[in-house]
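To start, the structure itself, in structure tokens.
The values are calculated or read from the model by the stated rules, or taken from the named source; none is laboratory data. Just so you know, these numbers come straight off a predicted model, no measurement behind them. Methodologically, a virtual Cβ is constructed for each residue, glycine included, from the backbone with ideal geometry; neighbour enumeration extends over all protein chains shown. The protein model used for the area step is the full one, side chains on, heavy atoms only, and it has no ligands, DNA or RNA in it. Shrake-Rupley method; radii C 1.70, N 1.55, O 1.52, S 1.80 Å.
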Amino acid sequence: SGSITSEAWRFTRNTDSMTGAVTCTARSPEILVGTKREYIYLQLVVVATTSEPLVTLTSGKSAAIFHHKIHGTGIKVGESALLPFAGRPTQSTLLMPTGTGGPIVESMHQYPTARVRVRIWPWDETYDSVSVSMQGFKQAFALAKQCADQL
């Protein structure tokens, strides 16, 4: 279950054209998950804020829809325990619980890889991703934090 991408994490700064709100994020390379019928690509997005970072999983460029049943799904960073997702604010986004962003980001600084476990609509079973490299995460998150602190 090695990492199949050598791409690094990257920093992005987005400005909402309607509200002017700025979002500063560190984004993972695409994360491959094989389901019954297809391969889908997901992306971990860490939103830097002036307080606790927000860790989310999005279906990225893929049209995949996360199942509304999120129990049993989560993120596993390196050797740490599987941390469960807490919510599904949109069909294409899963959210980690409040209070876990800091510890997850600490783990991401510590370990070389992470994996996710998801349930994709319409199937009930969970699917595990291949490992995604943490290469470039430290730098991307440092830039996102600096960006957020300047807002």
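Please list, by residue number, every one of the GluC sites (Glu not before Pro) in the stretch 32-110 that is coil in DSSP and has at most 11 other beta-carbon atoms within 10 Å.
Glu38, Glu79
Given charges of +1 on the Cβ of Lys and Arg and -1 on the Cβ of Asp and Glu, with all other atoms neutral, how large is the dipole of the chain about its Cα centre, in debye to the nearest 20?
With Lys and Arg at +1 and Asp and Glu at -1, about 180 debye.
Given that just one value was derived from the coordinates, which of (i) 1.03; (ii) 0.99; (iii) 1.31 is Cα Rg over 2.2 N^0.38 Å?
Checked against the structure: label (ii).
Within the stretch 34-151, what whole-number % of the accessible surface is contributed by carbon and sulfur, with the 1.4 Å probe and all protein chains included in the calculation?
Whole-percent figure for carbon plus sulfur exposure: 54.
Treating the angle as unsigned and between 0 and 90°, give the value, to the nearest 10°, between the Cα long axis of helix 101-110 and the longest Cα principal axis of the chain.
Relative to the chain, helix 101-110 is tipped by roughly 80 degrees.
Lys76: which lysines have alpha carbons under 18 Å from its alpha carbon, excluding same-chain residues fewer than 8 sequence positions away?
Once the sequence-local lysines are set aside, what remains near Lys76 is Lys138.
Once the dipole of the chain is set up with Lys and Arg at +1 and Asp and Glu at -1 on Cβ about the Cα centre, which of Ala63, Ser131, Gln91 lies farthest towards its positive end?
Ala63
Among all the aspartates and glutamates, which ones have a C-alpha under 13 Å from Lys36's C-alpha, if same-chain residues fewer than 8 places away are not counted?
Excluding near neighbours in sequence, the set is Asp124, Glu125, Asp128.
Show which lysines lie in cross-link reach of Lys69 when reach means a straight Cα distance below 16 angstrom and same-chain residues fewer than eight apart are skipped.
none
Just the accessible area per residue of the chain, please: how many Å² with a 1.4 Å probe?
So the chain comes to 52 Å² accessible per residue, rounded to a whole number.
Which net charge results for the neighbourhood of Ile70, defined as the other residues with beta-carbon distances under 11 angstrom from its beta-carbon, given Lys and Arg at +1 and Asp and Glu at -1?
Around Ile70, the surrounding residues sum to +4.
Using the Karplus curve 6.51 cos²θ - 1.76 cosθ + 1.60 with θ = phi - 60°, what ³J(HN,Hα) values do you get for each residue of the stretch 10-24, in whole Hz, with x for Gly and Pro?
Rounded to whole hertz, the list is 9, 8, 9, 10, 10, 10, 5, 5, 8, 9, x, 5, 9, 10, 10.
Quick one: ranking Ser51, Ser17 by accessible area, 1.4 Å probe, largest first, what do you get?
The ranking, largest first, comes out as Ser17, Ser51.
Compute the acute angle (0 to 90°) between the alpha-carbon long axis of helix 137-149 and the principal axis of greatest extent of the alpha-carbon atoms of the chain; round to the nearest 10°.
Its long axis makes an angle of about 50 degrees.
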